[in-house]
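Please read the structure below before turning to the comments.
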Amino acid sequence: MLCTCPLLAVTLLNYCPWSGPVRYRSLPLRDINRVFRLLSWLRFMHVCSDEKIPVFFIDKRTSHNSPVFVDPLPSLALPMTYTTPTSFPSSGLYLNTPKKKPLPSKIEEVRAAGWLDLMLASSPPRKRQSKDFLPHDVQADDLDLRYRNWMVNYPSALGSFEAITELARGKKMALFLDYDGTLSPIVDNPANAVMSDEMRAAVRHVASLFPTAIISGRSRDKVFDFVKLTELYYAGSHGMDIMGPIRKSESNGHHVECVRSTDSEGKEVNLFQPASEFLPMIAEVFENLSESIKDIEGARMEDNKFCVSVHYRNVAPHDYETVHQRVTAVLKDYPCLRLTHGRKVLEVRPVIDWNKGKAVEFLLESLGLNESDDVLPIYVGDDKTDEDAFKVLKANNHGFGILVSSVPKDSDAFYSLRDPSEVMEFLRTLAAWKEGSS
Ligand SMILES: O=P(O)(O)OC[C@H]1O[C@H](O[C@H]2O[C@H](CO)[C@@H](O)[C@H](O)[C@H]2O)[C@H](O)[C@@H](O)[C@@H]1O
């Protein structure tokens with residue numbers, strides 16, 4: 001239907017309660033891949049939320065916006081109900097979340113299947129499972145070809161380094177780095193995800209040249225223990241725990257929840273913890289989840305202060321569904337918490353409208369870099385939660401994201417790097433370029 005649509009261009013509008021309106025302007029039909037990428041994202045949103053998400057393809061040639069194609073996923077469409085959680089005082093940060101309504105069992109099944117697909121697909125194994133009937137070199141060639149095709153849309157940040165330096169010419173660069181899977185390789189035990197000394201040296205070097213922040217799903221303290229660099233800014237719990245600089249102009253900021261604090265070196269900093277009132281609830285849900293999954297072999301809990309991670313990397317795939325069912329059963333009693341998905345991890349977090357994208361905006365503002373055109377923010381990350389930051393940079397047409405992935409993935413990033421070793425090379429190249437050009 002999309003391909004035969006006679007329009008020259010379409011505008012795609014979507015409203016999603018988590019991220020607000022998404023608007024793609026003048027999407028030329030030759031760029032149909034973008035439509036499909038967006039549709040697959042919408043499918044993901046359908047799986048993860050209760051809302052019906054209307055999608056309109058609008059004829060740009062007409063003066064009025066008449067929808068020509070509405071809701072491409074009718075089988076997953078649910079009634080649109082937005083209600084605000086009542087158990088907390090209202091605040092600008094709260095998301096409007098749907099009240100859970102009993103769903104017809106068919107839809108429950110579809111949703112459960114969707115989550116299961118996500119769980120199976122999340123974080124491809126480091127060693128590819130063999131398709132027994134194919135010789136190894138054919139599989140490798142096929143994967144390599146698919147990766148190279150994908151790189152047409154997501155060029156290597158190393159291969160495109162000259163283009164990046166062109167963009168950066170005369171601009172102030174700001175660097176935002178995810179931790180797991182970006183600065184440290186993915187390992188089975190989260191406690192062992194240490195950063196190499198070489199990577200630390202590369203990060204220290206860039207941080208001496210550009211404002212640099214780490215934005216992680218881990219608790220801020222834990223990520224600092226891994227990185228151990230005082231010259232950086234840190235945002236833990238997916239941006240819900242930021243230790244940043246004192247804003248240049250404190251008076252025009254609207255983040256009233258900031259409190260002054262001092263860092264480990266006694267330097268004055270701003271602490272922003274928009275989800276602090278959720279702390280007792282997070283502690284309670286951590287206990288309940290730990291109890292509920294304790295008999296599932298390989299399942300592991302992690303306390304990330306304002307979020308809780310339920311890891312299933314070491315769980316047998318036939319138990320994934322049990323993990324998901326147990327987690328959602330516990331969460332039924334916590335309408336103010338929501339579930340998101342990472343690399344072989346389910347993440348429980350407050351329903352506030354705050355994420356890594358908002359953390360990037362907050363830090364740019366704190367650094368006094370948000371309102372000028374001569375700033376180039378770059379965000380490097382590997383996970384679904386990093387997409388919030390990629391989206392913010394893309395939507396504001398302000399800087400770009402670099403996705404770290406060794407397999408093709410849909411993303412709002414602009415460039416790609418294969419793995420943390422390429423990230424390290426990129427950081428070193430960036431530092432060398434900056435030193436050579438100043
Ligand atoms: O935002 P990030 O810094 O990327 O943190 C996201 C989650 O990363 C960690 O889990 C991931 O890495 C682990 C260690 O390599 C791996 O075992 C796990 O399967 C991955 O999901 C961290 O442990 C989580 O708490 C973070 O939320």
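Among the numbered criteria (1) part of a loop (DSSP other than H, G, I, E, B); (2) more than 16 Å from the ligand (Cβ to nearest atom), which single criterion is violated by VAL187?
(2)
Look through region 301-343, keep the residues that are assigned to a loop (DSSP other than H, G, I, E, B), open to solvent by 20 Å² or more (accessible area, probe 1.4 Å) and within 14 Å of the ligand (Cβ to nearest atom), and return whichever of them is farthest from PHE272 (Cα to Cα).
The qualifying residue farthest from PHE272 (Cα to Cα) is ASN314.
Restricting attention to region 371-417, and to residues there that are over 17 Å from the mean Cα position of the chain (by Cα) and of a type in the set (D, E, K, R), which single residue is least open to solvent (accessible area, probe 1.4 Å)?
ASP374
For region 281-300, how many residues meet the condition of being assigned to a loop (DSSP other than H, G, I, E, B), more than 13 Å from the ligand (Cβ to nearest atom) and in contact (Cβ under 8 Å) with a residue 12 or more places away in the chain? Full working, then the answer.
Initial filter on region 281-300 (assigned to a loop (DSSP other than H, G, I, E, B)): 294-299.
If we keep only those that are more than 13 Å from the ligand (Cβ to nearest atom) too, we end up with 294-297.
Restricting the remaining residues to those that are in contact (Cβ under 8 Å) with a residue 12 or more places away in the chain gives 296-297.
Residues that pass the stated criteria total 2.
Scan region 365-386 and report the pairs whose first residue is acidic (Asp, Glu) and whose second residue is open to solvent by 30 Å² or more (accessible area, probe 1.4 Å), with Cβ atoms within less than 8 Å and a gap of 6+ or a chain change.
Correct list of pairs: ASP374/GLY170; ASP374/LYS171; ASP374/LYS172; ASP382/ASP180; ASP382/ARG343; ASP383/ASP180; ASP383/ARG343.
Name every residue in region 357-370 that is modelled with pLDDT of 95 or more, in contact with a Lys or Arg (Cβ under 8 Å, 6 or more places away or on another chain) and open to solvent by 10 Å² or more (accessible area, probe 1.4 Å), in order of residue number.
none
For SER421, work out the one condition from (1) open to solvent by 10 Å² or more (accessible area, probe 1.4 Å); (2) in a strand (DSSP E or B) it doesn't fulfil.
With (1) open to solvent by 10 Å² or more (accessible area, probe 1.4 Å); (2) in a strand (DSSP E or B) applied to SER421, the lone miss is (2).
Just give me the residues in region 344-392 being away from the ligand (no atom under 16 Å from the Cβ), part of a helix (DSSP H, G or I) and in contact with a helix residue (DSSP H, G or I) (Cβ under 7 Å, 6 or more places away or on another chain), in sequence order.
GLU361
For region 197-222, what are the residues that are within 16 Å of the ligand (Cβ to nearest atom) and open to solvent by 20 Å² or more (accessible area, probe 1.4 Å)?
Of everything in region 197-222, those that are within 16 Å of the ligand (Cβ to nearest atom) and open to solvent by 20 Å² or more (accessible area, probe 1.4 Å) turn out to be ARG200, ARG220, ASP221, LYS222.
For region 238-249, give me each residue that is in contact with a helix residue (DSSP H, G or I) (Cβ under 7 Å, 6 or more places away or on another chain) and either surrounded by fewer than 20 Cβ atoms within 10 Å (Cβ to Cβ) or under 19 Å from PHE278 (Cβ atoms) (or both). Write out each step before concluding.
Taking region 238-249 and keeping what is in contact with a helix residue (DSSP H, G or I) (Cβ under 7 Å, 6 or more places away or on another chain), we get 238-239, 241-245, 247.
Correct list: HIS238, GLY239, ASP241, ILE242, MET243, PRO245, ARG247.
The values are calculated or read from the model by the stated rules, or taken from the named source; none is laboratory data. Keep in mind the model is a prediction, meaning the values are calculated, not measured. Every residue, glycine among them, receives a Cβ derived from its backbone with ideal geometry; neighbour counts consider all protein chains shown. Note: areas computed on protein heavy atoms with side chains; ligands, DNA, RNA excluded. Shrake-Rupley method; radii C 1.70, N 1.55, O 1.52, S 1.80 Å.
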